[in-house]
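Structure, as structure tokens:
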Amino acid sequence: MCPKMSPAITERQEDILTVIVNEYVRGGVAVSSESVAGKLPVAVSPATVRGEIAELEQAGYIIRPHTSAGGLPSNKAYRFYVEALDENLEPAQELQDAIRGRLRQAHADVDGWTRLAVQLLAQLVRNIAVATPPRAVESRWKYLQLVYLQDFLAMLVIVMEETRLKQQLVLLENPFTQDELTQVSNKLNAHFSGLTRREVVRRTVPLTSFEETVIQSALEIFRTEEESRLADPYVDGLRHMFHSPGQMEFSHARELAELLEDRSLLRSVLSEMPERGGVRVAIGDENKADLLQQSSVVFAQYGIPNEASGVVGIVGPTRMEYANAISHVRCLSELMSELVLEVYGRRN
């Protein structure tokens, strides 16, 4: 999460703030002092609560539409609330086991379980869920194949160990048959399979000019992949924004849909994620993207540090159930990390 803040408020004001956030998230209407007084751990009069709320309003934690109205939490209040949550919050063990079982059904298919994780998370938090498939920090050469198209044109197909497949046309100075192209493919695979781009560059192997051309094309594909830290994200749950009256204005929901359709902008948002093990919560204007100024994002990185990682999280209104969101995002990131460890065949 973001760095801890040091609010200069009393313990009773903290209790009042917590009640107001909980009640507003639950009901979506301004919370009256009478309602707050009835839910505090230590009984106090509504008049006392009104005085405390007035001080919280001056400190920027509470917004009141007009003097006689109840209180609404500000983004500052949500930040205080999030920082006060138990950092060890997690879903019930039965639910964790059920999610793990669902994900393991598709664990060999990286894209498959990433899509499934997004669907499950959207259902659990009833907000927009986003996740990227794990991407190796350094792509590794798994298999290369040259496919005959015409006498002077071939298709280079390269598969990386994280199951990413890329294709590129290669112009031929001399005509090649498919058998000749296959021989070149086999030679290059024998020398370079399992290597990263930098390891390929360092390896000394006698190559023909055509083989050098193929290697340079493959290295360029690797370089492009590594420049893009995150794969295109999967998104699910946008319907929840339109089916939850009062949570978010329709116009803002539409703007948010536009943001999610812009994959390059969304990748930019996801690139600000913390290292594995942390959950990042950005509330309202803490988000850099203009279209997220009225939203909150709750994201976590998953995978193997310095080897392969992705991002999973949710995007929703600032009026969200933060405890529920944070615990489920953390849970999904931990379960997805387990699968990455298995797929990549490594153990910490």
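Data table
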quantity: Viscosity 0.890 mPa s, temperature 25 °C, Stokes-Einstein D of region 11-83 from Kirkwood C-alpha radius, µm²/s; calculated: 209 µm²/s
quantity: Selected from Leu149, Thr224, Phe176, residue furthest toward positive end of dipole (region 141-227; charges at beta carbon); calculated: Thr224
quantity: Estimated vicinal HN-Hα couplings, Hz - region 34-43 in sequence order (Karplus 6.51, -1.76, 1.60; Gly, Pro = x); calculated: 4, 5, 5, 4, x, 10, 6, x, 10, 5
quantity: Spatially proximal lysines relative to Lys288 (Cα-Cα < 27 Å; intrachain offsets below 8 disregarded); calculated: Lys4, Lys76
quantity: Over region 141-227, equivalent-ellipsoid semi-axes from the Cα gyration tensor in Å; calculated: 20, 14, 12
quantity: Relative contact order %, region 141-227, counting alpha carbon pairs below 8 Å whose residues are six or more apart; calculated: 29 percent
quantity: Where only C-alpha atoms are counted, convex hull volume of region 70-156 per residue in Å³; calculated: 240 Å³
quantity: Inter-probe distance in nm under a simple model that places probes 7 Å from Cα toward Cβ, at Glu321 and Gln96; calculated: 1.9 nm
quantity: Ascending count of other beta-carbon atoms within 10 Å, so fewest first, for Arg203, Arg104, Arg126; calculated: Arg203, Arg104, Arg126
quantity: Cα-based Rg and Dmax for region 158-200, where Dmax is the largest Cα-Cα distance (Å); calculated: 12.2, 33
quantity: Pairwise label distance in nanometres, Arg223 with Val147, each label 7 Å out on the Cα-Cβ vector; calculated: 2.5 nm
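Bear in mind these aren't lab numbers, they're just calculated from the coordinates by the rules spelled out. As the structure is a computational prediction, the values presented were derived from the model and not from experiment. Cβ sites come from the backbone with ideal geometry, for glycine too, and all protein chains shown count toward neighbours.
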